[in-house]
Amino acid sequence: MSLPNVWHHRRVADNAAKACYVCYKPSTSVLITPDNKDFFYICPIHLKDRGFCSPVVDTEQEAARKREEAMAREIEKVKQEYEEKQKRKKEKEKEKGKDKTNEENDADKDSKQAGKDDDEKEKNDKIDAIKKAAAAGESKTDDSPRIFALHKNFYQMRINRLRNMEIARRNAERLRDPSAFPSVPKGDL
């Protein structure tokens, strides 16, 4: 029976809180092995304690977080460029409006209206793209590590606990089996 020293941090509902493995205070944080063989409740403050466990850095997760940050910066850059473009268009429209006569303005209003519709559509598309990217970024609000490795003393305590549970289970099975007991002597003595 080998127990890997890899523990995933999970959260449970508030009404399912149980005693912390270390300090016995109610906790909703659980450390569980990937194969679900062992778990225990632990306070989040103990997860930050270097004497108890250390986080396992997931390179893929770090790379994904960096990509998200780069995406957010690029979205902000596109947003600023779009605002600058809109300001320039408004300035040009003001200059053209001063130069043209009323008749030209009537014909130009129709073309401006079509241009404004296109601008609004482009603006709405960019806003939707920004909202989607922001929603993807908001889904991951907890930046704390999710995978931990227990230090050797605590890890050995968990192994001993599982070993003792296995021994107790085997002993209970032996006691249930009637053939494990000696039989009554037969014959005259």
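Here ILE42 clears all of (1) within 17 Å of ARG161 (Cα to Cα); (2) in contact with a Ser or Thr (Cβ under 7 Å, 6 or more places away or on another chain); (3) open to solvent by 70 Å² or more (accessible area, probe 1.4 Å) except the condition numbered (3).
Of everything listed in (1) at pLDDT below 85; (2) surrounded by 10 or more Cβ atoms within 10 Å (Cβ to Cβ); (3) polar (S, T, N, Q), the single unmet condition for ASN164 is (1).
Mind listing whichever residues of the stretch 143-173 are in contact with a Pro (Cβ under 6 Å, 6 or more places away or on another chain) and of a type in the set (Ser, Thr, Tyr)? Write out each step before concluding.
Taking the stretch 143-173 as the starting set, the residues that turn out to be in contact with a Pro (Cβ under 6 Å, 6 or more places away or on another chain) are 145, 148.
The answer is none; no residue qualifies.
Filtered by the rule that a residue be open to solvent by 90 Å² or more (accessible area, probe 1.4 Å) and within 19 Å of ILE147 (Cα to Cα), the stretch 50-81 gives ARG50, VAL57, THR59, GLU60, LYS66. TYR24 fulfils the conditions (1) open to solvent by less than 60 Å² (accessible area, probe 1.4 Å); (2) within 26 Å of ARG163 (Cα to Cα); (3) not in a strand (DSSP E or B) except for a single criterion, (1). Evaluating PHE40 against the criteria (1) in a loop (DSSP other than H, G, I, E, B); (2) in contact (Cβ under 8 Å) with a residue 60 or more places away in the chain leaves one unmet condition, (1). Per the listing HIS46, HIS8, the residue uniquely in contact with a Pro (Cβ under 8 Å, 6 or more places away or on another chain), modelled with pLDDT of 90 or more and either under 19 Å from MET157 (Cβ atoms) or outside any helix (DSSP H, G or I) (or both) is HIS8.
Inspect all residues belonging to the stretch 178-189 and state whether any of them is modelled with pLDDT of 90 or more and farther than 30 Å from VAL30 by Cβ. Looking for residues that are modelled with pLDDT of 90 or more and farther than 30 Å from VAL30 by Cβ, one finds none in the stretch 178-189, hence no.
The values are calculated or read from the model by the stated rules, or taken from the named source; none is laboratory data. Only a predicted model underlies this, so the values are computations on that prediction, with no experimental measurement involved. Neighbour counts run over all protein chains shown; Cβ positions are idealised from the backbone, glycine included. Surface accessibility is based on the protein's heavy atoms, side chains included, excluding ligands, DNA and RNA. Shrake-Rupley method; radii C 1.70, N 1.55, O 1.52, S 1.80 Å.
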